[in-house]
Amino acid sequence: MRSTARSPRGRDDGFAAVQDTGPDGISVDELATVLCGWDAADAGAMRTPSDRNQLLIALRHVHLPSLDDAGLVEYDRSAGRVAPRPLDPRVEELLERSVAAESLSRE
């Protein structure tokens, strides 16, 4: 499994998933489910509840706090929600190009 805990790719995927939500964001539990589903689709194999739990822990304790500290998302630990923050258009373009380049390198 592509591990969000071990790979910056997981943080990129988490950021991309949050950016695709509305202004109210997404629950961290739902985000873990979405990312686990993306990983299963990439791998062509189902993931286990243990895989999802590991991803959830990494999101809560590593990736979402890092993205929040960088000003890219708003992470409300007590509510268990994460929402996109408005980005400078130049930053948004740079991030989109970075994710696109990484996607090409995965193929």
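The values are calculated or read from the model by the stated rules, or taken from the named source; none is laboratory data. As the structure is a prediction and not an experimental result, all values here were calculated from the model. Virtual Cβ from ideal backbone geometry, glycine too; neighbours counted across all protein chains shown.
Details
- Val82 satisfies every condition listed in (1) touching a strand residue (DSSP E or B) at 6+ places or on another chain (Cβ under 9 Å); (2) free of Cβ contacts under 8 Å to residues at least 60 places away in the same chain; (3) within 18 Å of Ala16 (Cβ to Cβ) except (2).
- In the range 80-107, the residues that are under 20 Å from Asp24 (Cβ atoms) and loosely packed, with under 11 Cβ neighbours inside 10 Å: Pro86
- Restricted to the range 7-107, the set of helices (runs of 4 or more DSSP H) holding at least 3 residues that are of a type in the set (A, V, I, L, M, F, W, C) comprises 8-19, 28-43, 49-58, 89-106.
- Residues (within 19 Å of Arg77 (Cβ to Cβ) and surrounded by fewer than 16 Cβ atoms within 10 Å (Cβ to Cβ)) located in the range 47-61: Asn53, Ile57, His61
- With respect to (1) surrounded by fewer than 17 Cβ atoms within 10 Å (Cβ to Cβ); (2) at pLDDT 85 or above, the lone exception for Pro8 is condition (2).
- Selected residue (only one of Ala16, Ala45 is farther than 21 Å from Glu102 by Cα, among the aliphatic types (A, V, I, L, M) and modelled with pLDDT under 90): Ala45
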